[in-house]
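The values are calculated or read from the model by the stated rules, or taken from the named source; none is laboratory data. Since the structure is predicted, the reported quantities are computational estimates derived from the model, not experimental observations. Here the Cβ positions follow ideal geometry from the backbone for every residue, glycine too, while neighbour counts run over all protein chains shown. Keep in mind that these areas ignore ligands, DNA and RNA; they rest on the heavy atoms of the full protein, side chains included. Shrake-Rupley method; radii C 1.70, N 1.55, O 1.52, S 1.80 Å.
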Amino acid sequence: PRLETTNEPHKSQTPTKAVYYPTREALSTWLGRSHNSLITGGPGTGKSTLIRYIALEILSNTLKEGRIATKQTEALPVYVPFAFWTKQILDAGTCSLTECVRKWLESWSEGHLWNLVQEALEDERILLLVDGLDESASEATGRLALQMLQVFVQTHHIAAIVTSRPNFGLRGHGEEWQSGE
């Protein structure tokens, strides 16, 4: 898989417009460049499929070198739908990311995996995969969950790959996040 990123704007002849030149590169190269990544794209472009592919590739017994960046292959991928998390916040008034992951596992009758996830969190060996930042239960819960996500990633020093449609999600996400389409 290849991801398209945008280089710095090239000034056009019109002073108010900038022209962006997309650059295609291998997924493993792109993922290896930053600790945290935002993948954007329109509906049906494969954002969810891509992060599921990343999780399955890392968990595979036949992981092929060069498909995924090396630092990601050493982590435990943990998938969380943003809509599920924001629904938990809406229903309970609050829900931490760790509580959400535990509830997500339990909703799939996989609660026994929580201890493994908890150990990996303590060791900072988690690759957090959050799908659909644009799919929150409400605008308020979406904003709250997004703030909680950014704080969680920074304070726990874990890698994250998140997906969103364009013009949603990590606005002003900071230097520690890269964005690709």
Any residue in region 21-37 that is surrounded by fewer than 17 Cβ atoms within 10 Å (Cβ to Cβ) and at pLDDT below 75?
-> yes
Within region 42-55, identify whether any single residue is over 24 Å from Asp134 (Cβ atoms) and at pLDDT 80 or above, and answer yes or no.
-> no
Being modelled with pLDDT of 95 or more and open to solvent by 10 Å² or more (accessible area, probe 1.4 Å) is the filter here, so list the residues in region 128-140 that pass it.
-> Asp131
Tell me, yes or no, whether region 79-88 has at least one residue that is free of Cβ contacts under 8 Å to residues at least 60 places away in the same chain, surrounded by fewer than 20 Cβ atoms within 10 Å (Cβ to Cβ) and in contact with a Gly (Cβ under 7 Å, 6 or more places away or on another chain).
-> yes
